1. Quick check for you: with a 1.4 Å probe and neighbouring chains kept, what is the accessible area per residue of segment 128-282, in Å²?
2. Kyte-Doolittle cut-off -1.0, length cut-off 24 Å along the helix's own axis using Cα: show which whole DSSP H helices in the chain pass.
3. Among Leu142, Leu44, Leu269, whose Cα projects farthest towards the positive end of the dipole of the chain, with charges put on the beta-carbon of Lys, Arg (+1) and Asp, Glu (-1)?
4. What residue among Tyr207, Tyr216, Tyr149 has the largest mean-square fluctuation in a Gaussian network model of the chain, using Cα springs under 10 Å?
5. Shape call for segment 266-311 from the C-alpha gyration tensor, a ≥ b ≥ c root eigenvalues: rounded (a/c under 1.5), prolate (a/b greater than b/c) or oblate?
6. Got the relative contact order for segment 158-221 handy, in percent, Cα pairs under 8 Å and 6 or more residues apart?
7. What is the gain in length, in nm to one decimal, between Arg246 and Lys169 on full extension, counting 0.36 nm per residue of separation less the C-alpha to C-alpha distance?
8. Quick one: with all protein chains in place, what share of the accessible area of segment 47-156 is carbon or sulfur, to the nearest percent (1.4 Å probe)?
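The values are calculated or read from the model by the stated rules, or taken from the named source; none is laboratory data. Since we're looking at a predicted model, the values are computed, not measured. Here the Cβ positions follow ideal geometry from the backbone for every residue, glycine too, while neighbour counts run over all protein chains shown. Heads up: the accessible areas ignore ligands, DNA and RNA and are worked out on the full protein's heavy atoms, side chains in. Shrake-Rupley method; radii C 1.70, N 1.55, O 1.52, S 1.80 Å.
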Amino acid sequence: MITLGIETSCDETGVGIISGDRILANLTASQIVHTKYGGVVPELAARNHVKSIAPLIRVGFEVAGKRLADVDLVAATNGPGLIGALLVGLSFAKSLALALNKPFVAVNHLEGHIYALHVEARRFRYPCLVLIVSGGHTEIVLVRSEFVYESRARTADDACGEAFDKVAKLIGLPYPGGPYIEKAARDGRIGAVRFPVPRPKRLGFSYSGLKTAVLYYVRDNPGFDRNDIAANFQEAALDHLVEVTRRALSETGVRDLGIVGGVSANKRLHEKFKCLARERSLNLLIPSFQFCTDNGAMIARAGKARFMKYGGSDINTDAVARQYLEDIKPPIRGRPQ
Ligand code: KG4
Ligand code: ZN
């Protein structure tokens, strides 16, 4: 079964082609245009998806050694994300499915990130806690069994990746800030600046206090050392993830932990969570680099799983800016599949 997965929820155009569960192609076109604005400009994101999507799909099929006519299922992200950006991939996928007379399936972006764990991992077991850390989301989800989600911790304000991006901007690093902070942090001295690890009373995340602490430090110390700030912000931001995850593990008694989303590409995050995994004898799963940030293969994989269980989605399925995992409705069968 050949599944084409299309991802356009933010600023990466992603195209993945899988045969069964095996990845044949996974291509991502990143939009550098946003760098000069220091953040994603939704209208530009949508326009650039329009430009990239057809060529990327064409190259994807060349890499996969397949033809459009070989496709059995077309999957696309329908949310959460930027509506204009989502509509590009979603409309393209629906049109393709109609033209090929093949089923279409809508995929929740966060479910896509979770399925990045299935793309390669062989040891995925339920129940499992998944820490989703991206530019738009920071959440711990208890996955009781396939498609059965329970949110255990959400962020009260910024997402973790968003905090990396904002702090990067404060210290003059480009967008997206996460990888630049990680690189600068390697040359910084841990302990040279003290930033507080957020400790909200309820089980959940909060990054606004940490971000403000960096803002004040930068304002009060014009000769600041960028690397020291990066290193110590990163320590506090990641320690917060570890502490909240440790509590969620204790509360649930779950021993399988997955970490997904753009921030899970961070090597220091890997080190910290490997320590936690040793301390708690956890089965820790983190996708390899290309599947951490937004990509089409994870959408294809999640779409295939949904399709196997529930069949295709209604061709009228709309794009949605917000959608919690618990609220995903099984696809409503549209035209006969
Ligand atoms: O999952 P993703 O590609 O898109 C969203 O769904 O948001 O995540 C993008 C986020 C950005 O905020 C980016 O700065 C962050 O992931 N990120 C990182 C790293 N690589 C990407 N954050 C920290 N360290 C990294 N190495
Ligand atoms: Zn994402």
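1. Values: 6710 Å² over 155 residues.
Accessible area per residue: 43 Å².
2. Details: long enough: 42-64 (31 Å, 0.36); 83-100 (25 Å, 1.96); 226-252 (39 Å, -0.40).
Those that clear 24 Å and a mean of -1.0 are 42-64, 83-100, 226-252.
3. Comparing the listed Cα positions along the dipole, Leu142 ranks first.
4. Maximum fluctuation in the GNM of the chain, among the listed residues, is at Tyr216.
5. Numbers: a/c = 5.82, a/b = 1.92, b/c = 3.03.
Oblate, since a/c reaches 1.5 and b/c is not below a/b.
6. On the way: 51 pairs, mean separation 22.2, N = 64.
Relative CO of segment 158-221 lands at 35 percent.
7. On the way: separation 77, 0.36 × 77 = 27.72 nm, distance 3.00 nm.
Gain on stretching Arg246 to Lys169: 24.7 nm.
8. On the way: 2260 of 4270 Å².
Answer for segment 47-156: carbon and sulfur cover 53 percent of the accessible area.
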